[in-house]
Amino acid sequence: DPDKHYLMYEHERVPIAVCEREPSSIIAFALSCKEYKTALEDLSKASNAAADEPQQAVSAESWVKSSPARLSDSLLSQQSRISTDSEPLKDADSADKQKKQTVNPHIELQFSDANAKFYCRIYYAREFHRMREEIMESSEEEFVRSLSHCVNWQARGGKSGAVFYATEDDRFILKQMPRLEVQSFLDFAPHYFTYITGAVQQKRPTALAKILGVYRIGYKNSQNNTEKKLDLLVMENLFYGRKMAQVFDLKGSLRNRNVKTDSGKESCEVVLLDENLLKLIHDNPLYIRSHCKAILRGAIHSDAYFLSSHLIIDYSLLVGRDDTTDQLVVGIIDYIRTFTWDKKLEMVVKSTGILGGQGKMPTVVSPELYRARFCEAMDKYFLMVPDHWTSLGINC
């Protein structure tokens, strides 16, 4: 098939065949080639040198390789381009230009065969690589192997309209990111790395579903005249290796948070929302043990405070009940959307009744209000199972 590319170049690590219909394979190829490994080492040296001498600009001229899979020249200069043929793969978008830095934290690679040219920008390459080493039980090689194949994945209950992919082994989810969301994450990323690695090293509980990489990919195939550009986020699949009986997406709000199910049957085929959960726990409460309640509450409150301090809103708690073990699997997802000026305006209009607003609690609230509502609701949704210590001494 013209969209499959088996004979790219000899690899130092994992051999990857690139398929245009499987965008994760482009990422896998980039992460597996020796140019990426060399660039990662040079980036680490440059970052260490910049830390020692912050005023000294770091030269990256030594990164240019003669291999067909080479570092993009835009890493060395914002003005330069590899060639006029590579222009369709490049974006001079100002949203991705970093603020004044002595070291560019991103790695850009281009590779090609006789029919197609590929491009991959690896955002915060060194930081993501170190974080994966810190938090993942599997090796980097296994991460690359998982990304080598993916399939289209329908996110049940999703309203964003974003395109999703799942790796063929079901371990990771890839989500398409709008350009503004990419920029929001690039600004937020340094704080995210510090928070996650700190939580792991200090053994602090956190419920944030882990983002393991952000990439911009592109290709142009001269044989079938196709081309594509895509920003992708790679995150862990919280339900990997589990059989879910029910899945909930919880925000702590009751406005438009109900899903109709066939014959009243709650099935894992549909992602249920807050109102569905409240109806369910009226007769069948979600009891968890006291120590689990303490850990979950601590994680949610800590995570929500961290997100609100960086103006993040609209995140939700994804909850699944494992039918085999009868355990609850939880994780905070969709924590990239920031409280921008348009959201502030929407909140003011709806809450004050201006221009026909209802004067009620708006669907969009400030990060602090969202945090308070979210934490309060999650405390109520999960009840602590009574034990022989419960209410001890109340009537004494």
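The values are calculated or read from the model by the stated rules, or taken from the named source; none is laboratory data. Small disclaimer: the values here were computed from a predicted structure and weren't measured. Methodologically, a virtual Cβ is constructed for each residue, glycine included, from the backbone with ideal geometry; neighbour enumeration extends over all protein chains shown. Surface areas here come from the heavy atoms of the whole protein model, side chains and all, with no ligands, DNA or RNA. Shrake-Rupley method; radii C 1.70, N 1.55, O 1.52, S 1.80 Å.
Tabulated data for the structure shown
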read-out	value
Estimated inter-spin distance, I295 and R21, nm [label 7 Å along Cα→Cβ]	4.2
Stretch gain in nm, segment A49-H191, where the contour uses 0.36 nm per residue and the Cα spacing is subtracted	49.0 nm
Accessible-area ranking of R179, R242, R216, largest first, probe 1.4 Å	R242, R179, R216
Residue-span extension gain [E368 to N225] - 0.36 nm each, minus C-alpha spacing	46.6 nm
Calculated FRET efficiency for the pair N115/K203, C-beta based, R₀ 35 Å, to 0.05	0.10
Phi-based couplings in Hz for segment 274-290 (Karplus 6.51, -1.76, 1.60; Gly and Pro marked x)	4, 5, 4, 5, 4, 5, 5, 6, 4, 9, 10, x, 8, 8, 10, 5, 4
Net length gained if the chain between D379 and N258 were fully extended (0.36 nm per residue, minus Cα distance)	41.6 nm
With DNA, RNA and ligands ignored, accessible area of K34 (1.4 Å probe; Å², nearest 10)	90
Segment 220-328 - percent of accessible surface contributed by carbon and sulfur, probe 1.4 Å	48
Two-site label geometry, E275 and W153: point separation in nm, points 7 Å out along Cα→Cβ	2.9
